[in-house]
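Here, each number is a calculation from the coordinates, and none is a lab measurement. Since we're looking at a predicted model, the values are computed, not measured. For neighbour counting, all protein chains shown are included, and Cβ atoms are generated from backbone atoms with ideal geometry for every residue, glycine included.
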Amino acid sequence: MASCNYFLFGFFMALSFSSIHVSLATRQLLQTTVPTLPKPSLPPPLPSIPTLPQPPVPKIPTQPSLPKPTTLPPLPSFPIIPTTFPKVNLPPFPTIPTIPTIPSGFPSIPFFSPPPATTSP
């Protein structure tokens with residue numbers, strides 16, 4: 001456990017020394033003067049796109065008209081469904097056997113008399 005504490009202490013010291021160096025470097029950069037930089041020149045203008053020759057567009061052919069039928073064929077008719085059904089003779093259901101009745105009164109259970117006491121009071 002002690003080695004873990006030494007490791008954490010050493011890690012903390014290394015971080016603190018590195019942050020000191022970083023802060024000193026930033027202070028030095030802030031104190032230096034900014035050099036004058038040349039102004040960037042504008043890029044040359046882009047060349048213009050040449051116009052392409054337009055070929056003649058062909059005309060769309062006319063669509064021929066279809067002949068119109070004078071009379072429509074008759075629609076198919078639905079088949080006639082019968083509304084009455086023939087009677088079906090089913091066999092009778094089997095009878096369920098009767099359950100025997102349970103008697104409501106139970107016979108009394110005989111109890112033996114307690115044994116006599118061996119000592120007298």
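Miscellaneous remarks
- A Gaussian network model of the chain, with springs between Cα atoms under 10 Å, assigns the largest mean-square fluctuation among 70, 83, 98 to 98.
- At full extension, residue 88 and residue 66 could sit 2.1 nm farther apart than now, given 0.36 nm per residue minus the alpha carbon distance.
- If R0 is taken as 35 Å, the Cβ-Cβ distance between residue 36 and residue 16 corresponds to a FRET efficiency of 0.35.
- Candidate values (1) -1.11, -1.19, -1.29, -1.34; (2) -0.75, -0.95, -1.08, -1.23; (3) -0.83, -1.00, -1.12, -1.21, label of the one derived for log10 I(q)/I(0) by the Debye sum over Cα atoms at q = 0.12, 0.16, 0.19, 0.22 Å⁻¹: (1)
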